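Peer 1: First, the structure itself, so that you have it in front of you.
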Amino acid sequence: MSNPVLRVQDLAVNFCSHTGGFLRRKERVLRAVNGISFELHASETLGIVGESGSGKSTLARAILGLIKPSRGRVMWLGENLTELEEEALRQKRKEIQIVFQDPVASLNPRMTAGDIISEPLWTFYPNMAGLQVEERTRGMMKMVGLLPNQINRYPHEFSGGQCQRIGIARALVLNPRLVICDEPVSALDVSIQAQIINLLKDLQKKLGLALIFVAHDLSVVKHISDRVMVMYMGCSMEVSQRDALYRRPLHPYTSALMKSVPIPDPKLAAKARQDRWLTGDMPSPYNPPRGCIFHTRCPYKVKRCEADVPALRRMENGDWVACHRAEDLDLSI
Amino acid sequence: MALLEVRDLRVQFETPEGVVQAVNGIDFQVESGETLAIVGESGAGKSQLVMAIMGLLAENGSASGEADFKGRDLMKMPPKELNKIRGCEIAMIFQDPMTSLNPFLTIEKQMTEVVMHHQGLRKQEARAHAVEMLRAVRIPDPEERVKQYPHEYSGGMRQRVMIAMGLLCEPDLLIADEPSTALDVTVQAQITQLVGELRDKSNMSVILITHDMAVVAEVCDRIIVMYAGEMVETGTVDDIFYRPRHPYTQGLLASVPRLDRLSDDELHAIPGNPPNLLDLPSGCRFRDRCSMAREVCFGVPPLQVQENGCMSRCFIDMNNGEFLPAESKGVEENAGEDSK
């Protein structure tokens with residue numbers, strides 16, 4: 001296989017906050033992302049899944065350099081992005097782009113669709129001819145399924161799904177090689193979600209993009225990912241090939257996430273309900289459990305899980321898991 | 001007799017661009033102990049429908065029609081009387097648990113206020129009642145947590161508090177407007193399950209509003225599918241899931257990404273976007289997005305009614321899936337009623 005375009009190594013992001021009064025000031029550290037490593041090849045899609053607070057958005061932003069990582073490296077085509085100066089990093093954004101979660105809030109309401117989509121061109125290629133910019137903008141609109149004659153409309157004149165198409169057009173206008181999609185469909189109606197997922201898939205095929213697709217729902221990433229990483233409280237619990245993951249998850253948490261997805265079939269739904277075992281909330285991230293970070297909610301835990309932190313290790317089939325019992329658990333669906 | 005009977009409900013909003021007909025003549029009933037789901041995309045009018053029943057429309061909105069709740073018409077009730085019913089006999093859970101609690105007041109204060117107002121309980125009793133309710137929605141350590149502020153609760157916990165508040169006065173009808181949409185899937189499952197259990201225990205009725213067909217499968221008895229302010233199909237859960245008649249319902253079902261089926265690569269999407277309510281297509285409102293649409297669909301589709309209460313607003317015959325013969329337009333009693 002060819003060299004990966006992106007190699008994330010032991011990436012960590014800590015947030016500090018203060019508690020206590022003026023004189024009894026105490027610093028608290030929240031480990032939002034805690035030593036994540038993975039590789040991504042061209043034309044490949046990595047799905048990142050986890051509950052809110054699992055650090056998936058923080059990870060996405062840290063890769064782009066929108067948040068300064070506290071440790072680790074982000075190797076983009078052999079270059080370490082975390083060591084770059086601000087301007088050099090900014091130039092890299094031609095190659096790495098992001099699509100945000102809330103399609104309406106992430107567009108400037110006072111700019112027309114055309115302005116929004118062409119803005120990256122003006123900032124990165126200020127000498128580009130106006131006509132050329134317009135042509136490229138219209139081309140992008142067509143590519144994402146908008147009508148080029150909507151170029152002068154404002155975001156409020158578009159529906160949520162169309163706004164997300166504008167967001168995608170803006171991300172693609174610079175011809176990036178990697179696009180990070182941070183929950184691009186979770187604010188949309190289910191019927192529109194499918195449109196956007198299919199669109200991203202088509203575009204990826206056409207343009208040979210590498211994609212990182214962040215979502216909180218395993219059923220959403222299933223249709224677009226080649227590999228899926230499951231995150232919990234800042235840690236990577238499992239990184240598996242798509243089909244292997246959905247047939248036989250290696251980590252109990254992955255299996256729990258899969259079982260929480262509602263099934264649109266009344267007869268199967270009753271059974272699915274009985275199978276669900278994940279209860280309660282995530283523990284406080286300021287005070288993470290010792291040992292395996294998931295042991296407080298895991299029905300398969302043994303003594304060892306409370307003491308030793310399981311390392312992310314490679315299984316026979318090449319997938320990665322962080323669970324002491326991965327070999328002897330059969331979590332097949 | 002039905003607990004709630006809604007007849008010909010219409011909601012419109014005055015906007016600078018013109019009058020928007022958000023709900024266009026909806027009829028339905030809720031029996032006691034029953035869970036009714038109202039499903040549709042954003043802009044279908046499902047939230048405005050219940051807002052109108054509850055008298056909570058925005059200032060530029062107006063509603064007409066009847067909503068008989070235990071024999072009294074909510075739409076014609078003076079606000080004072082309506083206030084006695086809201087929060088007491090009919091409770092409502094709103095979509096966003098993050099913003100529907102007052103951040104300045106403790107959970108205790110917000111919960112006891114409801115019962116002290118409606119049932120005239122004293123503070124001590126009200127507090128005990130609140131704690132008991134929090135326990136019922138499985139909030140751990142309720143005696144302590146009741147003293148906390150909303151920001152000390154997670155999203156799922158806050159939605160539980162909202163449910164507990166809704167249930168404080170033992171309502172006959174609980175209206176839940178997308179109760180789990182803003183939450184993680186793991187918590188979503190817990191919340192829908194909880195609503196189902198509480199309903200079974202107290203025999204209350206529930207109206208569940210959602211855009212996600214998958215959520216509906218687990219807890220509902222009957223389903224109304226709305227599109228652009230109209231009811232396009234209604235039936236029992238089994239009818240809708242196993243024998244959907246309207247192309248829109250079929251599309252909604254097919255667009256749910258499913259884990260229990262191995263990868264069918266292309267996800268089914270309903271093409272296009274919901275129509276602009278200010279500029280509706282003539283005839284069938286779903287026509288532009290419908291793969292079955294034919295010339296006949298430029299006319300107003302009839303509302304077909306079956307004996308078992310299933311209805312479909314479409315030119316496709318509910319019984320055999322064929323297009324209705326052209327002259328049968330208007331055979332059904334409600335057909336053509338909405339034509340302008």
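The values are calculated or read from the model by the stated rules, or taken from the named source; none is laboratory data. For clarity, every value in this text was computed on a predicted model and none was experimentally measured. Methodologically, a virtual Cβ is constructed for each residue, glycine included, from the backbone with ideal geometry; neighbour enumeration extends over all protein chains shown.
Peer 1: Pull up the range A:242-273, narrow it to residues that are within 7 Å of another protein chain (Cβ to nearest Cβ) and not in a helix (DSSP H, G or I), then point me to the one that is surrounded by the fewest Cβ atoms within 10 Å (Cβ to Cβ).
Peer 2: Here the residue is A:265.
Peer 1: So which of A:178, A:77 ends up being out of contact with any helix residue (DSSP H, G or I) (no Cβ under 9 Å at 6 or more places or on another chain), within 30 Å of residue A:38 (Cβ to Cβ) and of a type in the set (A, V, I, L, M)?
Peer 2: A:77
Peer 1: Tell me, yes or no, whether the range A:56-69 has at least one residue that is assigned to a loop (DSSP other than H, G, I, E, B), more than 30 Å from residue A:192 (Cα to Cα) and in contact with a Lys or Arg (Cβ under 9 Å, 6 or more places away or on another chain).
Peer 2: Filtering the range A:56-69 for residues assigned to a loop (DSSP other than H, G, I, E, B) gives A:65-69.
Subset that is more than 30 Å from residue A:192 (Cα to Cα): A:65, A:67-69.
Now narrow it down to the ones that are in contact with a Lys or Arg (Cβ under 9 Å, 6 or more places away or on another chain): A:65, A:67.
Yes, the range A:56-69 contains at least one residue that is assigned to a loop (DSSP other than H, G, I, E, B), more than 30 Å from residue A:192 (Cα to Cα) and in contact with a Lys or Arg (Cβ under 9 Å, 6 or more places away or on another chain).
Peer 1: Cβ-Cβ under 6 Å, sequence separation 6+ or interchain: first residue in the range B:237-252 and in contact (Cβ under 8 Å) with a residue 40 or more places away in the chain and closer than 14 Å to residue B:313 by Cα, partner of a type in the set (Phe, Trp, Tyr) and not in a helix (DSSP H, G or I). Which pairs?
Peer 2: Cβ pairs passing all conditions: B:248/B:227; B:248/B:286.
Peer 1: Turning to a different aspect of this structure: For the subset of the range B:35-63 comprising residues that are out of contact with any helix residue (DSSP H, G or I) (no Cβ under 9 Å at 6 or more places or on another chain) and in a loop (DSSP other than H, G, I, E, B), which member is surrounded by the fewest Cβ atoms within 10 Å (Cβ to Cβ)?
Peer 2: So, considering only residues that are out of contact with any helix residue (DSSP H, G or I) (no Cβ under 9 Å at 6 or more places or on another chain) and in a loop (DSSP other than H, G, I, E, B), the one surrounded by the fewest Cβ atoms within 10 Å (Cβ to Cβ) is B:59.
Peer 1: Taking the stated definitions as given, is residue B:209 of a type in the set (A, V, I, L, M, F, W, C), modelled with pLDDT of 90 or more and assigned to a strand (DSSP E or B)? Full working, then the answer.
Peer 2: Working: of a type in the set (A, V, I, L, M, F, W, C): yes; modelled with pLDDT of 90 or more: yes; assigned to a strand (DSSP E or B): yes.
When the stated conditions are applied, residue B:209 passes them.
Peer 1: Additional query: Report the residue count in the range B:179-201 for those that are at the interface with chain A (Cβ under 10 Å from one of its Cβ atoms) and either more than 18 Å from residue A:274 (Cα to Cα) or touching a strand residue (DSSP E or B) at 6+ places or on another chain (Cβ under 9 Å) (or both).
Peer 2: Qualifying residue count for the region: 7.
Peer 1: Further question on the same structure: Criterion first (surrounded by fewer than 23 Cβ atoms within 10 Å (Cβ to Cβ), within 14 Å of chain B (Cβ to nearest Cβ), touching a helix residue (DSSP H, G or I) at 6+ places or on another chain (Cβ under 8 Å) and outside any helix (DSSP H, G or I)) does residue A:186 satisfy it?
Peer 2: So residue A:186 fits the description; yes.
Peer 1: Determine whether residue A:209 is surrounded by 21 or more Cβ atoms within 10 Å (Cβ to Cβ) and farther than 22 Å from residue B:256 by Cα.
Peer 2: Against the criterion (surrounded by 21 or more Cβ atoms within 10 Å (Cβ to Cβ) and farther than 22 Å from residue B:256 by Cα), residue A:209 qualifies.
Peer 1: Which condition does residue A:45 not pass, out of (1) under 19 Å from residue A:232 (Cβ atoms); (2) surrounded by 19 or more Cβ atoms within 10 Å (Cβ to Cβ), if it passes all the others?
Peer 2: Looking at each condition in turn, residue A:45 falls short on (1).
Peer 1: A further question follows. Going through A:276, A:290 one at a time, which residue ends up being in contact (Cβ under 8 Å) with a residue 12 or more places away in the chain and either aliphatic (A, V, I, L, M) or more than 12 Å from chain B (Cβ to nearest Cβ) (or both)?
Peer 2: A:290
Peer 1: Going by what's in this entry, would residue A:119 be described as assigned to a helix (DSSP H, G or I), farther than 26 Å from residue A:224 by Cα and free of Cβ contacts under 8 Å to residues at least 24 places away in the same chain?
Peer 2: It is false that residue A:119 is assigned to a helix (DSSP H, G or I), farther than 26 Å from residue A:224 by Cα and free of Cβ contacts under 8 Å to residues at least 24 places away in the same chain.
Peer 1: Do you know which residues across the range B:251-309 are within 7 Å of chain A (Cβ to nearest Cβ) and not in a loop (DSSP other than H, G, I, E, B)?
Peer 2: Of everything in the range B:251-309, those that are within 7 Å of chain A (Cβ to nearest Cβ) and not in a loop (DSSP other than H, G, I, E, B) turn out to be B:251, B:252, B:253.
Peer 1: Those residues that are touching a strand residue (DSSP E or B) at 6+ places or on another chain (Cβ under 8 Å) and part of a loop (DSSP other than H, G, I, E, B), I need them from the range A:173-183; list them, please.
Peer 2: If the condition is that a residue be touching a strand residue (DSSP E or B) at 6+ places or on another chain (Cβ under 8 Å) and part of a loop (DSSP other than H, G, I, E, B), then A:174, A:176, A:177, A:183 are the ones that fit.
Peer 1: Now a separate question. Filter the range A:288-333 for residues that are assigned to a loop (DSSP other than H, G, I, E, B) and acidic (Asp, Glu); which is farthest from the chain's Cα centre (by Cα)?
Peer 2: A:328
Peer 1: Would you check if residue B:170 is more than 17 Å from the chain's Cα centre (by Cα) and surrounded by fewer than 23 Cβ atoms within 10 Å (Cβ to Cβ)?
Peer 2: Answer is yes for this residue.
Peer 1: Do you know which of the residues in the range B:202-239 that are within 13 Å of chain A (Cβ to nearest Cβ) and of a type in the set (Ser, Thr, Tyr) is farthest from residue B:133 (Cα to Cα)?
Peer 2: Per the criteria, the residue is B:227.
Peer 1: Where the second residue is among the charged types (D, E, K, R) and part of a loop (DSSP other than H, G, I, E, B) and the first is closer than 17 Å to residue A:180 by Cα and lies in the range A:62-73, which pairs have Cβ atoms under 8 Å and are six or more apart or on separate chains?
Peer 2: Partner pairs satisfying both residue conditions: A:62/A:68; A:64/A:93.
Peer 1: Looking for something assigned to a loop (DSSP other than H, G, I, E, B), basic (Lys, Arg) and surrounded by fewer than 21 Cβ atoms within 10 Å (Cβ to Cβ) - is there at least one such residue anywhere in the range B:236-249?
Peer 2: Checked the range B:236-249: at least one residue is assigned to a loop (DSSP other than H, G, I, E, B), basic (Lys, Arg) and surrounded by fewer than 21 Cβ atoms within 10 Å (Cβ to Cβ).
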